[in-house]
Amino acid sequence: KGEGSLPSEMLRSVWRLGSRRLFCAEALAKRRASEVKNLVSEGETKRMNLFTAINDAMDIALEKDKELILFGEDVKFGGVFRCSIGLNEKYGTDRVFNTPLSEQGIVGFGIGVAAAGARAIAEIQFADYIFPAFDQIVNEAAKYRYRSGNEFNSGGLTIRTPYGAVGHGGLYHSQSPEAFFTHASGIRVVIPRSPAQAKGLLLSCIFSPDPVIFMEPKWLYRTAVEEVPVGDYRIPLDTAEVVREGDDVTLVGWGAQIKVLQNAADAAEEKIGISCEVIDLRTITPWDEETIVKSVEKTGRLIISHEAPQHGGFGAEIASTVQERCFFSLQAPIQRVCGYDTPFPLAFEKLYVPDKLKNYEAIVKVLEDSA
């Protein structure tokens, strides 16, 4: 070890610093190529909806890690969406338990558990209620590793919360706040689109060396049903997935919006013979730029769709990056199909959400703009 060289301890904790993101390099190095579709075709599966897949993932994690704990409001009884049902009976109140109605306390406690070296799953009953814990998340959980020079971290913390439209939630049970947390370097934001994705991504989040916010599209809890691989499997974080290949337009979204985009792509193919490539971002931060860029270089057109309001939504970050990296490939201005810049309206929810028709109209527009 020559003079001026880095100590081996520092070399073992190399950081990735770029695009204002700071994460443990170990996690970024463990990307695996296996996808759920291979597991479904090759191994044993069980038919599950979204909430039972999440329950199964937490059951596997609790069995695998005897120090893992799960807590939140009404979690002991299964939670309002039943995601933790049966886990208190199986693992006891020492490991699966209720908390006071204090989001700041729930997250703060989880940070302490993780900082002490254990893993914790903290449930926030609705994403709309996460804001009292905002300081704990962005100023403590996200920064703990950085401010301690990697001597301490809260990487064992996973914050689960349901987000998005549900059909009758109104302004306090329908929000999509993912973009707020993408400004905080050091914390991941992950959103699944389906039961099989939810299970594999949640297990990766729980055993990730970084703190994670795992947002669950609540209207899919019971409506999304599919074959889910049995047992422990992990879907790599930070990687988008091309769920439908196409040549003419790239459609990017996450969570429940992927089904909407697939329906819009079906309509475009049936009505105007247009081939759309649909990409599920899966990890919102750090997001997979390369997959999106590669697709846009092929299609020359990009539409980004999310339920959150357009102004300051994460779609703007994607659009800006693609504009920089694909300037000479773009054949039309990038389109964003998002929620409106208003509180989420109960009476006008159907008008507010970026549905199949709005996305189909955006597809037509980008084709017209490039004609």
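The values are calculated or read from the model by the stated rules, or taken from the named source; none is laboratory data. Bear in mind that the values here come from a model prediction, so they are computed numbers and not experimental data. In this analysis, Cβ positions are derived from the backbone assuming ideal geometry, glycine residues included, and neighbour counts consider all displayed protein chains. When the accessible area is computed, the model is the full protein with side chains, heavy atoms only, and any ligands, DNA or RNA have been set aside. Shrake-Rupley method; radii C 1.70, N 1.55, O 1.52, S 1.80 Å.
Overview of results
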item	result
Test set (1) of a type in the set (A, V, I, L, M, F, W, C); (2) under 19 Å from E216 (Cα atoms); (3) in contact with a helix residue (DSSP H, G or I) (Cβ under 6 Å, 6 or more places away or on another chain) - F97 fails condition number	(2)
Hits in region 81-107 (condition: assigned to a loop (DSSP other than H, G, I, E, B), open to solvent by less than 70 Å² (accessible area, probe 1.4 Å) and closer than 17 Å to F51 by Cβ)	F81, C83, S84, G86
Failed item, numbered, when A332 is tested on (1) surrounded by 17 or more Cβ atoms within 10 Å (Cβ to Cβ); (2) under 23 Å from the mean Cα position of the chain (by Cα); (3) not polar (S, T, N, Q)	(2)
Selection count, region 81-105, where residues are basic (K, R) and within 26 Å of the chain's Cα centre (by Cα)	2
Cross-chain or 6+ apart pairs with Cβ under 6 Å, region 188-211 first and free of Cβ contacts under 8 Å to residues at least 60 places away in the same chain, then open to solvent by less than 10 Å² (accessible area, probe 1.4 Å) and not charged (D, E, K, R)	S204/I235; C205/T158; C205/V190; C205/V212; C205/F214
Residue within region 41-60 that is hydrophobic (A, V, I, L, M, F, W, C), modelled with pLDDT under 95, in a helix (DSSP H, G or I) and under 22 Å from the mean Cα position of the chain (by Cα) present	no
Hey, G156 touching a Leu at 6+ places or on another chain (Cβ under 6 Å) and within 25 Å of C83 (Cβ to Cβ) or not	no
Test for E140: is it open to solvent by 20 Å² or more (accessible area, probe 1.4 Å), acidic (D, E) and in a helix (DSSP H, G or I)	yes
Residue pairs meeting the criteria (Cβ under 7 Å; at least 6 apart or on separate chains; first more than 21 Å from K199 (Cα to Cα), in region 261-290; second open to solvent by 10 Å² or more (accessible area, probe 1.4 Å) and small (G, A, S))	E269/S275
Residue that is most open to solvent (accessible area, probe 1.4 Å), among those in region 235-251 that are touching a residue at least 60 places away in the same chain (Cβ under 8 Å) and assigned to a loop (DSSP other than H, G, I, E, B)	D248
Hits in region 63-80 - residues which are assigned to a helix (DSSP H, G or I), out of contact with any strand residue (DSSP E or B) (no Cβ under 7 Å at 6 or more places or on another chain) and without any contact (Cβ under 8 Å) to a residue 60 or more places away in the chain	E63, F77
Some residue of region 257-279 being at pLDDT 95 or above, surrounded by 22 or more Cβ atoms within 10 Å (Cβ to Cβ), more than 19 Å from the chain's Cα centre (by Cα) and not small (G, A, S)	yes
Index of the failed condition, E297 passing every other in (1) acidic (D, E); (2) under 14 Å from E178 (Cβ atoms); (3) free of Cβ contacts under 8 Å to residues at least 60 places away in the same chain	(2)
Residue list for region 171-199, restricted to those being assigned to a helix (DSSP H, G or I), of a type outside the set (A, V, I, L, M) and buried (at least 24 other Cβ atoms within 10 Å of the Cβ)	E178, P195, Q197, K199
Count - residues of region 108-131 that are part of a helix (DSSP H, G or I) and either at pLDDT below 95 or open to solvent by 30 Å² or more (accessible area, probe 1.4 Å) (or both)	5
Hey, T45 polar (S, T, N, Q) and in contact (Cβ under 8 Å) with a residue 60 or more places away in the chain or not	yes
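One line per residue, one yes/no per condition, for (1) in contact with a strand residue (DSSP E or B) (Cβ under 8 Å, 6 or more places away or on another chain); (2) basic (K, R):
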{"residue": "A308", "(1), (2)": "yes, no"}
{"residue": "H311", "(1), (2)": "no, no"}
{"residue": "G315", "(1), (2)": "yes, no"}
{"residue": "T321", "(1), (2)": "no, no"}
{"residue": "E324", "(1), (2)": "no, no"}
{"residue": "Q331", "(1), (2)": "no, no"}
{"residue": "Q335", "(1), (2)": "yes, no"}
{"residue": "P345", "(1), (2)": "no, no"}
{"residue": "K350", "(1), (2)": "no, yes"}
